[in-house]
Ligand code: BG6
């Protein structure tokens, strides 16, 4: 059968891109945590084209865990992880690589193949797996961005669906495995008090910021092929918007959530060049792998509309960037002002209406901004925020959660074919039809145009204070 049945447990994890950056930054630390938690006890086969041996892979795993956690707090767990590792070296374009992988799998018959590799290689690897029958009783986990544009996404879906059943395809967006992002779904539908105001009648605008205070950290070549729009907006930020705006799932189960989210992507109005501000931080062109005259954006801000009954005319302002003032992720829902000005301070333009703020990272927090009267004769007030920290010390790494789910065959936190295609349809036009990048200084909030022309009267941007 081309694809393991839902709910069956995989008996091996194969991961392509074992010598890469993602493996070092996120995958090995997550595998270590999975071994500690007891959710990983099956062989893990790293595949790469690096002329490595299994010893090199073990060394990399140890270094990665150490770098992520500042040391090894459970040497026995690390040793268990190292003993589970196997390694296959080879060019993904060569059929022999997949033959060797088949041999390395030995007795394992239900592998999960995780493609932590650049999107241009997804199709080659999937076809390689199929050519030696490694799609049978198997799952495939595919990293984002899923394609480069609508056409390549559709082609990729075609190639993957030719090799695996849809229920065996896990399209990963690691933001969906973050506690604070899962909490958006929970918060909205486990509380009833916000639902009556969660629409165009009460909400003026919504801002989503995902900022990083560092540059591309040696990933210049990747960034040249992606840019901030493909790297973060089209997937991570759109997923956040979908969770914020979806209708209530009609039954308990991930299928209902997927369907409700998919409807949001389909209702998003395709972006045009006037809805988009592109920036590039000064210094980006000096990075290794970056073209001398690169016009790739390291900052992207868009103004998005969702043409649905609930959200018509409510602007969503999304922005992301490298080398910005802080590292933080935050959503701010701005509510409308009261319909009548009963107090002298009501129309002061510097005053915010009510707002609900979800700090997604670095620390989870929910803030509800309300106005309260200042003591004194006058009926004037100020904004106070009710704050609720949501961070928990038990939080799992997003990849720990998602890889555990994939090995178990639980696809609740993964994205589906129709959603990824609908999301690409929204950005497809502006991938090519856009203005040149505007340069900005590292440590700022990006180009002025994002604050001026784009957000206009709905501004200012509410910068996360961390
Ligand atoms: C990745 C992007 O998907 O997400 C990176 O490729 C970005 O550019 C990263 O830095 C942010 O995720 P996190 O979990 O490290 O905040």
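Only beta bridges with both residues in the chain are counted; by DSSP, about 55 percent of them are antiparallel.
Semi-axes of the equivalent ellipsoid for region 84-227, please: Cα gyration tensor eigenvalues, times 5, square-rooted, ordered largest first, whole Å. Don't skip to the end; give the middle numbers.
On the way: eigenvalues 273, 80, 49 Å².
Semi-axes from the Cα gyration tensor: 37, 20, 16 Å.
Annotation for residue 151 and residue 222: the two label points, set 7 Å from Cα along the Cα-Cβ direction, are 2.6 nm apart. Once both axes come from the Cα atoms, what is the angle between helix 254-267 and the longest principal axis of the chain, in degrees from 0 to 90, rounded to 10? Rounded to the nearest ten degrees, it is 60.
How much length is gained on full extension from residue 392 to residue 379, taking 0.36 nm per residue of separation minus their Cα-Cα distance? Display every interim value, and only then the final one.
Numbers: separation 13, 0.36 × 13 = 4.68 nm, distance 3.96 nm.
Length difference between fully extended and current span is 0.7 nm.
Note on residue 213 and residue 307: their simple-model spin labels are 4.2 nm apart, each label 7 Å out from Cα toward Cβ.
Judged by the mean number of other Cβ atoms found within 10 Å, the most tightly packed of the peptides 371-377, 148-154, 401-407 leads the ranking 401-407, 148-154, 371-377. The shape of region 197-339 can be summarised by an equivalent ellipsoid whose semi-axes, obtained from the alpha carbon gyration tensor, come to 32, 17, 13 Å from longest to shortest. P(r) for region 321-435, please, calculated from all Cα pair distances in 10 Å bins and given in %. Result, from short to long distances: 10, 21, 27, 24, 12, 5, 0 percent. Full extension of the chain segment joining residue 412 with residue 94 gains 111.1 nm, where the gain is 0.36 nm per residue of separation less the Cα-Cα distance. Any idea how far the Cα center of region 91-142 sits from the one of region 283-338, in Å? A separation of 35 Å, based on Cα centres. Against the main long axis of the alpha-carbon atoms of the chain, helix 417-432 sits at an angle near 70°. Only alpha carbons enter this Debye calculation for region 228-275, each as an equal point scatterer, and the log10 of I(q)/I(0) it gives at q = 0.20, 0.21, 0.22 Å⁻¹ is -0.70, -0.75, -0.80. Label zone (residue 433, point 7 Å along Cα-to-C-beta; backbone nitrogen cut-off 15 Å) within region 245-271: 269-271. Expressed in Å, the radius of gyration and Dmax of the Cα atoms of region 21-66 are 10.7, 32.
Please report the projected area of the chain's Cα convex hull averaged over all directions, in nm².
Working: hull surface 92.7 nm².
About 23.2 nm², averaged over all directions.
Per residue, the chain reaches -9000 deg cm²/dmol at 222 nm when only DSSP H runs of four or more residues are counted, each adding -39500 (n - 2.57). Here residue 50 and residue 76 are evaluated by their C-beta separation; at R0 = 35 Å the FRET efficiency comes out at 0.80. Report, to the nearest 10°, how far helix 95-105 tilts away from the longest principal axis of the Cα atoms in the chain, using its own Cα long axis and a range of 0 to 90°. In the chain, helix 95-105 runs at an angle near 90 degrees to the longest axis.
Once the chain from residue 63 to residue 197 is taken as fully extended at 0.36 nm per residue, the excess over their C-alpha distance is 43.3 nm. For the peptides 310-321, 194-205, residues were scored by their other Cβ atoms within 10 Å and the scores averaged per peptide; the highest-first order is 310-321, 194-205. What area, in nm² and to one decimal, does the C-alpha convex hull of region 12-172 cast on average over all directions? Across all orientations, region 12-172 yields a mean hull projection of 9.0 nm².
Laboratory data are not the source of any read-out in this text; all were calculated from the coordinates shown. The model shown is predicted, which means the values in this text are computed figures rather than measured ones. For neighbour counting, all protein chains shown are included, and Cβ atoms are generated from backbone atoms with ideal geometry for every residue, glycine included.
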